[in-house]
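Structure, as structure tokens:
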Amino acid sequence: MCDVKTGFVQDIIVYTGSTTDIKHYEGLGVSGSVVMTMLAPHLGKGHTLYVDNWYSSRTLFQHLLSNSTGACGTVRSNRKGMPAFGCRKMQRGEVGFKENGQQLALKWHDKRDVHVLSTVHTATVSAPGKVDHLTGERKIKPDCVLDYNLKMGAGLNLQLERCPVPVMILAWFLKV
């Protein structure tokens, strides 16, 4: 887990298979249990968690919201509980929003469909200042996508996975 502003590693869990030291939470699955284990000391303090689609689920985000912790992340379109946005193919730049009062789900088509789930954003779009080189029109993006990209920053802050820490990997072989 990394801090958004500093990039410092706050916590880390090394995966060791079935012996990995995590507390299992009923109904959240393995990915949700990893999130809850790492966030336990930070719950109830008004933080916002940004995660990728392996961790995101409506159940986890609802559980975090009930613990005064916001969440935003990309999500798989076929994840259990995700609303259907219809089977019509969207054009580039089109966006669809669905809300249930506490969570916002969106489908936005850029180069491909992007699905985002958030408990801290509203159904709004903004123009980030970029211009489509083919049409000359200003590009628009959903605000939650802009915020997610800013916070995650190409691996800058996947709160639970990627951090901007240089890592040296050494390989060695032991002759037996």
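The values are calculated or read from the model by the stated rules, or taken from the named source; none is laboratory data. Computed from a predicted structure; not experimentally measured. Glycine gets a Cβ as well: all are built from the backbone with ideal geometry, and neighbour counts include every protein chain shown. Areas reflect the complete protein model, heavy atoms only, side chains present, ligands, DNA and RNA absent. Shrake-Rupley method; radii C 1.70, N 1.55, O 1.52, S 1.80 Å.
Side notes on the structure shown:
- Per residue Cα convex hull volume in Å³ - calculated over the chain: 178 Å³
- Per residue, the accessible area of the chain comes to 64 Å² when a 1.4 Å probe rolls over the protein heavy atoms.
- An oblate overall shape is assigned to region 1-71, the ratio a/c of its alpha-carbon gyration tensor axes (a ≥ b ≥ c) being 1.5 or greater and a/b not exceeding b/c.
- Against the criterion of solvent-accessible heavy-atom surface with a 1.4 angstrom probe, Glu94, Glu137 sort, most first, into Glu137, Glu94.
- Cα-based Lys proximity count in the chain, under 18 Å, for pairs eight or more positions apart or on separate chains: 18
- In this calculation the C-beta distance from Val125 to Asn78 is compared with R0 = 25 Å, giving a FRET efficiency of 0.50.
- Over the chain, relative contact order from alpha-carbon pairs under 8 Å, at least 6 apart, %: 22 percent
- With the Kirkwood sum run over all distinct C-alpha pairs, region 64-123 has a hydrodynamic radius of 12.1 Å.
- With all protein chains in place and a 1.4 Å probe, the accessible surface of the chain carries 55 percent carbon and sulfur.
- Helix-only mean residue ellipticity at 222 nm for the chain, each DSSP H run of n ≥ 4 adding -39500 (n - 2.57), per residue, nearest 500: -5000 deg cm²/dmol
- Inter-label distance, Lys5 to Thr135: 3.9 nm, where each label sits 7 Å from its Cα along the C-beta direction.
- Contact order normalised by residue count of region 16-112, Cα under 8 Å, 6+ apart, percent: 19 percent
- Highest average first, the peptides 118-131, 76-89, 56-69, 9-22 ordered by how many other beta carbon atoms sit within 10 Å of their residues are 56-69, 118-131, 76-89, 9-22.
- For region 118-133, putting each phi into the Karplus relation 6.51 cos²θ - 1.76 cosθ + 1.60 with θ = phi - 60° gives couplings of 8, 10, 10, 10, 10, 7, 10, 10, 9, 9, x, x, 8, 10, 5, 5 Hz, in residue order, rounded to whole numbers and with x for Gly and Pro.
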